[in-house]
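Visitor: Pasting a structure here, questions to come.
The values are calculated or read from the model by the stated rules, or taken from the named source; none is laboratory data. Only a predicted model underlies this, so the values are computations on that prediction, with no experimental measurement involved. We place every Cβ from the backbone using ideal geometry, glycine too, and count neighbours over all the protein chains shown. Only protein heavy atoms, including side chains, enter the accessible area calculation; ligands, DNA and RNA are left aside. Shrake-Rupley method; radii C 1.70, N 1.55, O 1.52, S 1.80 Å.
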Amino acid sequence: MIRIGITGHRNLAPEVSDHVAGLVREHLEPHGHAMVGLSCLADGADSVFAEVVLEAGAPLEAVIPASGYREALPVEHHTLYDRLLAQAVLIHELPHTASEPRAHMAAGRLLVERSDRILAVWDGLPARGPGGTADVVAYARVLERPVTVLWPQGVRR
């Protein structure tokens with residue numbers, strides 16, 4: 001059973017999100033249900049990945065950066081977040097209270113440490129703030145975790 005963690009951009013436009021879902025589905029398809037997906041369930045790449053993992057019939061583990069994490073996510077994402085969280089077979093809750101960069105980086109580190117490989121929905125640019133996708137990818141590379149970068153060609157964030 002391979003453990004695959006996701007890091008990626010949030011606030012994806014609907015057409016980008018659809019394209020990303022196709023790329024993630026294509027990448028995960030060979031693993032079928034013989035994988036475990038790890039995700040922080042944020043809006044964007046995290047949730048797209050989690051949905052594809054569950055569609056494949058594979059178990060999903062959630063990594064929750066802080067007790068205030070859900071409230072810090074966009075209100076329109078709460079329903080999907082709640083549904084995905086309810087379907088998680090294991091929830092890793094970090095001890096932070098505020099959903100801030102330090103908590104997000106701690107969650108990214110935990111996700112990388114518990115994964116065999118990382119899938120990054122990433123445009124290749126530096127993180128917009130501490131704990132962003134580029135920082136999680138850099139940490140995965142330090143730990144020598146294989147990282148597969150997926151990003152729709154020609155799309156800008």
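Visitor: Kindly provide the set of residues from region 10-26 that are open to solvent by 40 Å² or more (accessible area, probe 1.4 Å) and either within 15 Å of the chain's Cα centre (by Cα) or β-branched (Val, Ile, Thr) (or both), ordered by number.
Guide: 10, 11, 23, 25, listed by residue number.
Visitor: Considering region 28-54 alone, what residues qualify as being surrounded by fewer than 16 Cβ atoms within 10 Å (Cβ to Cβ) and either under 15 Å from residue 147 (Cα atoms) or touching a residue at least 12 places away in the same chain (Cβ under 8 Å) (or both)?
Guide: 29, 32, 33, 34
Visitor: Hey, another quick one. What is the number of the single condition among (1) in contact with a Leu (Cβ under 8 Å, 6 or more places away or on another chain); (2) surrounded by 13 or more Cβ atoms within 10 Å (Cβ to Cβ) that residue 89 does not meet?
Guide: Every listed condition holds for residue 89 apart from (2).
Visitor: What is the number of the single condition among (1) of a type outside the set (Lys, Arg); (2) open to solvent by 80 Å² or more (accessible area, probe 1.4 Å); (3) at negative phi that residue 100 does not meet?
Guide: (2)
Visitor: Here's another thing I want to ask about it. Could you grab the pairs with beta carbons closer than 9 Å, sequence gap of 6+ or different chains, first residue in region 70-92 and closer than 19 Å to residue 5 by Cβ and of a type in the set (Phe, Trp, Tyr), second one in a loop (DSSP other than H, G, I, E, B) and open to solvent by less than 80 Å² (accessible area, probe 1.4 Å)?
Guide: Going by the 9 Å Cβ cut-off, the qualifying pairs are 81/41; 81/42; 81/43; 81/73.
Visitor: Please specify each residue of region 109-133 satisfying the condition of being within 17 Å of residue 43 (Cα to Cα) and open to solvent by less than 60 Å² (accessible area, probe 1.4 Å).
Guide: If the condition is that a residue be within 17 Å of residue 43 (Cα to Cα) and open to solvent by less than 60 Å² (accessible area, probe 1.4 Å), then 111, 119, 120, 121, 122, 123, 127, 129, 131, 132, 133 are the ones that fit.
Visitor: Here's something else I'd like to know. Do any helices (runs of 4 or more DSSP H) lying entirely in region 48-157 carry at least 2 residues that are under 25 Å from residue 19 (Cα atoms), and which ones are they?
Guide: 78-87, 101-113, 133-142
Visitor: Sticking with this structure for a sec: Looking only at region 124-133, filter to residues that are touching a strand residue (DSSP E or B) at 6+ places or on another chain (Cβ under 9 Å) and of a type outside the set (S, T, N, Q); which one of those is nearest to residue 156 (Cα to Cα)? It would help to see each step written out before you state the result.
Guide: Within region 124-133, the subset touching a strand residue (DSSP E or B) at 6+ places or on another chain (Cβ under 9 Å) is 124, 131-133.
From what is left, the residues that are of a type outside the set (S, T, N, Q) are 124, 131-132.
Values: 124: 10, 131: 20, 132: 17 Å.
Among those that are touching a strand residue (DSSP E or B) at 6+ places or on another chain (Cβ under 9 Å) and of a type outside the set (S, T, N, Q), it is 124.
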